Amino acid sequence: MRRKLFLLLTGVLVALWSQTGLAWCGISNNGTGYGQVFNSNVILNQHLPGEVIENYNPMSDVFVICNNDGGWFELSITGALVPASIGNGVIKTDIDFIGVSITAKVLNANASGLASTVLTDGSFTTRRWDIPRISGSESDLRAYRVAELASYQFWAIGPEDPKSGRFGTRDIVTLTASGGGDYPVNDKQVIFGFGNRATAIASCYIDTSALYFAMPETKTTAFKEPGLLKASGEQQTTRGGINCDRDVNVQFTLSATDTVPGLSNVLAPEPGGAEGVGATFRYHFNDADGGGKSEPRDLTLAESFNLLDGPTGKVRRTYFYLTAYYYRFGEEVKAGHFRSTATLNVHVQ
């Protein structure tokens, strides 16, 4: 009876001992917790199809730590990638007409260094590393830098101009490790893809430097009767350039420092100069891409008006023409230096 009991206890001891020497590998993110996932903004900046929009290079590195008993870890593509028709390894994203290619320095298959690898060109699917056991204690840890120097290159892939919006949380490359043990590391994590804050932002460039008026010298005899002077030589036109991404509108408001009583759209002259004459405005837009042109319209001071009457669904490279006219409002016109002030406010929507 004692002999049987002795054998049973021996079996239990062997089973317990097998649990104390677990092989494990776990993922460490160098303190960042995000790997190299894109979680930032892409500024569209009026790019046309076929152009690179922006390059983004996350700084964090991704490590795997293994104990002396070893284990394994692997990189793998998550889901199907839909290739775009341009660029090297460019795939479609969840935003219309925007593509991305992802390149990083990835650990070689024999764990002997890193090499630049295009992760989205279809040639990379899975890479696995089996880490052998070495002699020593469980505290003898080995660290492997799996990926560094990632580059997300965003493209305007067409056929239309890029849209703004959110890319949507999306996993592209996942790192998985064998896990095990009690060390505080992960056994699976997405390291390339899009986070919940990844966004493409539309923008405008507005050059209003030309919107300064030097009204021409005009004889008082030109002001034959009250009203607007439209004859050549009694007006001045200036032009400002406006480049906007699609689905972006620009709203303009011209506000006067002082207007003529009873004529809310006529700028009043500053005291000490010309009398009986003010200035009023008309405006129009001319799309440099040939996509639209507005007719000249009278400008209502302090009332907003839109670029080409609002979004047109395409990139606008537009010129804004603002024309100032003399306007006689008094019974008499007195010669003198004419000066008045108005402020043009530009609101990108």
The number of residues in segment 218-243 that are touching a Pro at 6+ places or on another chain (Cβ under 9 Å) and touching a residue at least 60 places away in the same chain (Cβ under 8 Å) is 3
Do any strands (runs of 3 or more DSSP E) entirely within segment 35-109 hold 3 or more residues that are within 17 Å of G195 (Cα to Cα), and if so, which? 41-43, 98-107
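Would you be able to say whether some residue in segment 169-178 is outside any strand (DSSP E or B) and modelled with pLDDT of 85 or more?
Yes, segment 169-178 contains a residue that is outside any strand (DSSP E or B) and modelled with pLDDT of 85 or more.
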Across segment 147-164, what is the number of residues that are of a type outside the set (S, T, N, Q) and modelled with pLDDT of 95 or more? 5
Are any of the residues in segment 314-329 β-branched (V, I, T) and part of a strand (DSSP E or B)? yes
What about N41, is it of a type in the set (S, T, N, Q), at pLDDT 80 or above and open to solvent by 20 Å² or more (accessible area, probe 1.4 Å)? yes
Do we find a residue being acidic (D, E), exposed (fewer than 14 other Cβ atoms within 10 Å of the Cβ) and in a strand (DSSP E or B) anywhere in segment 284-305? yes
Qualifying residue in segment 117-128 (condition: over 14 Å from L75 (Cα atoms), open to solvent by 50 Å² or more (accessible area, probe 1.4 Å), polar (S, T, N, Q) and in contact (Cβ under 8 Å) with a residue 12 or more places away in the chain): no
Quick one: in segment 269-289, of everything that is small (G, A, S) and under 27 Å from L307 (Cα atoms), which residue is nearest to the chain's Cα centre (by Cα)? A288
Has segment 192-215 got any residue that is within 21 Å of S340 (Cβ to Cβ) and among the charged types (D, E, K, R)? no
For segment 197-207, which residues satisfy the criterion of being open to solvent by 60 Å² or more (accessible area, probe 1.4 Å) and in contact with a Leu (Cβ under 8 Å, 6 or more places away or on another chain)? I201
Which of the residues that make up segment 245-281 are open to solvent by 60 Å² or more (accessible area, probe 1.4 Å), in contact (Cβ under 8 Å) with a residue 40 or more places away in the chain and assigned to a strand (DSSP E or B)? E275
For segment 133-159: of the residues being under 17 Å from the mean Cα position of the chain (by Cα) and not in a strand (DSSP E or B), which is surrounded by the fewest Cβ atoms within 10 Å (Cβ to Cβ)? G158
Considering only residues that are open to solvent by 30 Å² or more (accessible area, probe 1.4 Å) and under 14 Å from G158 (Cα atoms), which ones fall in segment 92-116? K92, D94, D96, F97
Out of all the residues in segment 299-331, which are among the charged types (D, E, K, R) and at pLDDT 90 or above? E303, R328
Looking only at segment 226-244, count how many residues are outside any strand (DSSP E or B), touching a strand residue (DSSP E or B) at 6+ places or on another chain (Cβ under 7 Å) and either open to solvent by 60 Å² or more (accessible area, probe 1.4 Å) or acidic (D, E) (or both). 3
Considering segment 314-337 alone, what residues qualify as being of a type in the set (F, W, Y) and open to solvent by less than 40 Å² (accessible area, probe 1.4 Å)? F320, Y325, Y326
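The values are calculated or read from the model by the stated rules, or taken from the named source; none is laboratory data. Keep in mind it's a predicted model, so treat the numbers as computed, not measured. Cβ coordinates were reconstructed from backbone atoms using ideal geometry, including for glycine residues, and neighbour counts include every protein chain displayed. In case anyone asks, the SASA skips ligands and DNA or RNA and just uses the protein heavy atoms, side chains included. Shrake-Rupley method; radii C 1.70, N 1.55, O 1.52, S 1.80 Å.
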